[in-house]
Structure formats: structure tokens, C-alpha cells
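Below is one structure, written out as C-alpha cells; comments come after it.
None of the figures in this text is laboratory data; all of them are computed from the coordinates on show. All values reported here derive from a predicted model rather than from experimental measurement. Note that we place each Cβ from the backbone using ideal geometry, even for glycine, and neighbour counts take in every protein chain shown.
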Amino acid sequence: MKEEKTIKSMFDRIVKRYDFLNHFLSFGQDFFWRKKMAKISSKNAERFILDLATGTADSALALIERDIKVVGVDISFEMLKFGKRKIEKRKKNRSFFPISASAYQLPFKDKSFDAVTCAFGIRNMHKTKIALEEIYRVIKPGGRVIILEFSLPQGVFKKLYLLYLKFIPFIASLFSVSSAYEYLSSSIRSFYKPEEFIELLQSCGFKNIKAFPLNFGCVHLYSGEKI
Ligand SMILES: C[S@@+](CC[C@H](N)C(=O)[O-])C[C@H]1O[C@@H](n2cnc3c(N)ncnc32)[C@H](O)[C@@H]1O
């Protein structure tokens, strides 16, 4: 995994084509994944959510559409700026509070949020356990973490998916910085398996952990409670 500084400058550089490539490379499925995360996040009447690694604010928007107030944290100032403009265009700025900060040292008091969401961010955090412990710290007792992340499917789909991951940098090079998408492919291949990630969540104190595979296991939606 790359260091935080490298990750930050990588996302700063790819921001312009980030949304387009997300939708293109996922065949539009990313809308569905974020909506699903927002639906689960709003189940327990959670009203004040930290969206960690908020990026260009697509997950934040899905949450705001459910009347949730969102604090969006990211280390990439360019991604945050882009997201903030998107929210302003939709006149939702009263529900979104962007903050530039690191997941390893969240600038919030203990027990500040009803829930923390993180879509496709945790894979980029090389100090994964520290980030999860910070998430745990800022959640109120009774609150939840909801994490969306890529994973490798099993069985016949695995080979096909690995082949697709090989092609991603080439497709992306037509529109953006290909090295960032080489990193995307390699980080998906090397990220925790779902069962390992569940163990990690448990070791950080989360209980009642659930993992839902989406799109044949190419993505997992994890949720865990702080009791
Ligand atoms: C793949 S993007 C996901 C953005 C958004 N959540 C989405 O679903 O499109 C990953 C984001 O994580 C942010 N990020 C990576 N490491 C971080 C860290 N240590 N602290 C805060 N944000 C981080 C990056 O700057 C980037 O915006």
C-alpha cells in the first residue's frame, strides 16, 4: 500500500476524470452501490454521519438525499473542492460540511457521530487498523460503521474479474493518469479478503458485523455496531 502523501497527490491529480471513470469502469453500478450504502445507513434513523474519504461527495449526496447531515472528510483537498462544488450546484450545502483531514487522526471528539460511512476509501489507508480504531472512537455507542469496498469474487467470476483488472489501467490511460489506475487494480488484488476484514473490524471493537456481497462479490458492503 502507498503512503498517505502519495495517495493524496494521486487523488489530487485524477480529480477531473474521477467521477466519469467511476461510472464508466463500473458500468454505472457505483450509483447502485452508494444508494445501497445510504439506505442501510439511514435504517436506524441515523441523522449525523461522517462520510470518511468522501472524495467527490457521491456517497455524501446519496446520504443527503435521505435527509442526513453529512460531515465529509478527505485528505485530498482537490477531491473535496470538487465535491463541495457538486453539492452547491444541487443547493444541498446546508447538509454538507467538508473537512480536510486524515483518517488516522480525525479532528473530532469521541462519540460524535451516529454513524461513519466509507466508500472505496479504506483500501487506500495503509494504516487500516488505526483508521478503523479512529472510526470506532468517533461513533456514538449504538452507532454503526458502514463500509463499501472492492473484493475478489470467487469461482468462475474470479478469472474474468482478474482479467478485467488487468485492462483497467489501459482503459483509464485514454482519459486519465494510468499509474493511478494501475494502483487501483493492484490495491483491489491485495486488499483483505472479506473474512480477514471482518476479523479486523472485530479486533477494533465492532460487534454484530455483517458482510453483504454485491455484484457476485466484486464489492462487499460491511456493517458493524459499536455497543
Ligand atoms: C477511491 S476514492 C473514494 C471517494 C468516494 N468515497 C467515492 O465513493 O467515490 C478514495 C478517497 O479516499 C481518500 N483518502 C485516502 N486515504 C485517506 C486518508 N488517510 N484519510 C482521509 N482520506 C483518505 C482519497 O483522497 C480519495 O478521495
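Odds and ends about this structure:
- Available extension along the chain between Lys210 and Ser186 is 6.1 nm, counting 0.36 nm per residue and deducting the alpha carbon span.
- The slack between Arg47 and Phe32, meaning 0.36 nm per residue of separation minus the straight C-alpha distance, is 3.3 nm.
- Normalised by the number of residues in segment 171-227, the mean separation of alpha-carbon contacts (under 8 Å, six or more apart) gives a relative contact order of 24 percent.
- Pairs from the list Lys43/Lys226; Lys16/Lys81; Lys16/Lys84; Lys86/Lys109 with a Cα-Cα gap above 18 Å: Lys86/Lys109.
- Peptides 26-32, 98-104, 50-56 ranked from most to least packed by the mean count of surrounding Cβ atoms within 10 Å: 50-56, 98-104, 26-32.
- Percentage relative contact order, the chain, counting C-alpha pairs under 8 Å, at least six apart: 19
- Test item: Cα-centred dipole of segment 4-225, Lys/Arg +1 and Asp/Glu -1 on Cβ, debye: 540
- All distinct Cα pairs of segment 4-225 go into the 1/r average, and the inverse of that average, the Kirkwood radius, is 17.5 Å.
- The lysines within cross-link reach of Lys158, meaning a Cα-to-Cα straight distance under 20 Å and a gap of 8 or more places when in the same chain, are Lys166, Lys193.
- Reachable aspartates and glutamates from Lys39, criterion Cα separation under 19 angstrom, eight or more residues apart if same chain: Asp30, Asp51, Asp58, Glu65, Asp67, Asp114, Glu149, Glu225
- Of all complete DSSP H helices in the chain, those with a Cα span along the helix axis of 15 Å or greater and a mean Kyte-Doolittle hydropathy of -1.0 or more are 4-25, 29-41, 77-89, 128-138, 156-173, 178-190.
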